1. When both residues are 6+ apart or on different chains and their Cβ atoms are under 8 Å apart, which pairs have a first residue that lies in region 177-197 and is modelled with pLDDT of 90 or more and in a helix (DSSP H, G or I), and a second that is of a type in the set (S, T, N, Q) and loosely packed, with under 14 Cβ neighbours inside 10 Å?
2. Filter region 94-108 for residues that are modelled with pLDDT of 65 or more and under 20 Å from LEU247 (Cα atoms); which is surrounded by the most Cβ atoms within 10 Å (Cβ to Cβ)?
3. What number goes with the only condition from (1) closer than 25 Å to ARG32 by Cβ; (2) of a type outside the set (A, V, I, L, M, F, W, C); (3) crowded, with 19+ Cβ neighbours inside 10 Å that ARG170 does not pass?
4. Would you point out the residue of region 41-61, among those that are within 16 Å of LEU154 (Cβ to Cβ) and crowded, with 21+ Cβ neighbours inside 10 Å, that is modelled with the highest pLDDT?
5. Touching a helix residue (DSSP H, G or I) at 6+ places or on another chain (Cβ under 7 Å), over 29 Å from ALA109 (Cβ atoms), touching a residue at least 60 places away in the same chain (Cβ under 8 Å) and of a type outside the set (S, T, N, Q): is that true of LEU234 in this structure?
6. Just to be sure before I move on: is MET143 assigned to a helix (DSSP H, G or I), without any contact (Cβ under 8 Å) to a residue 24 or more places away in the chain and farther than 26 Å from ALA249 by Cβ in the structure I sent?
7. Filter region 205-223 for residues that are surrounded by 13 or more Cβ atoms within 10 Å (Cβ to Cβ) and in a loop (DSSP other than H, G, I, E, B) and give the result.
8. With LEU250, LEU148 as the choices, which residue is in contact (Cβ under 8 Å) with a residue 40 or more places away in the chain and surrounded by fewer than 19 Cβ atoms within 10 Å (Cβ to Cβ)?
Amino acid sequence: MSVLSGLRSIRGINWRRVLIQADFISGQIIGRWLTVTVTLIVVLHVVLLLMLGPSQATAADLTPLLFATSVIYALISGQVVSQMADEIGEGHAMLYLIHPLRRVEYLYAWLVAGPFLILLGYLFSLTVPLLVVDPFLLGYKPMYRLILVMTGQLLYHISLATLFSVISGRRGRATSMYLGFLIFLPLIIMLALMVVTAVLDIYPEMSSIATIFALIYPSVKYFESPLYSTFILLLLYEYGAALIIFLLALRTFTHRKEL
């Protein structure tokens, strides 16, 4: 029901107001950060690709690199999106909502200025280095599949950062929840697996471990099994989960009593 109510609230949106607010958010909060971060990651990707060599820059070889940079990008993106929590908690959002800007339009402005621009920046940071080193790599089927999987994972993480920001209403709390999911939860899972292995003398299969970690980092499952069927299932999971989480964030925000 919550997802359906989120879909119903989309009707009647004034997209002109959404884009005006999104332009303000991107200019005041996201623009400078996005420019600096994307530039640094583009340079990092180009340097590492040149060190690896175009002839060896296959999807399998780039997997550790893209995973590492995507996690760094996701962590920084979460910090940016969590600034919405400060606007909600400190009452700045009320100032915007006094004007003819609906709650759903305010949140959609953040979605346009945040996840949309962040994803564009991430795609830019992936495709430009490949074009510089070897344009034919983009036409390599495993390569664009890997890019789609990594982009979907980032969208999934940003949707969680948005939901945590709306729920918490404080940037510190939102950041703690986000870091807990991306960093501390995997560590807890690893410790639990180590305990099970040591105490019960049970050694889980690699596919089972990958499936568990794929709930947090879906790309792990694709690295473990880069099949077409795995690719399709991961896309459905990443983009479907992101959509549901965004709708939950929308419903939660529109029902906040203090706004």
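1. none
2. LEU107
3. (3)
4. ILE41
5. Taking the combined requirement at face value, the residue satisfies it.
6. No; evaluated as a whole, the condition is false for this residue.
7. Correct list: LEU215, ILE216, TYR217, PRO218.
8. Being in contact (Cβ under 8 Å) with a residue 40 or more places away in the chain and surrounded by fewer than 19 Cβ atoms within 10 Å (Cβ to Cβ) holds for just one of LEU250, LEU148, which is LEU148.
The values are calculated or read from the model by the stated rules, or taken from the named source; none is laboratory data. Just so it is clear, the model here is predicted, and its values are computed rather than measured. Every residue, glycine among them, receives a Cβ derived from its backbone with ideal geometry; neighbour counts consider all protein chains shown.
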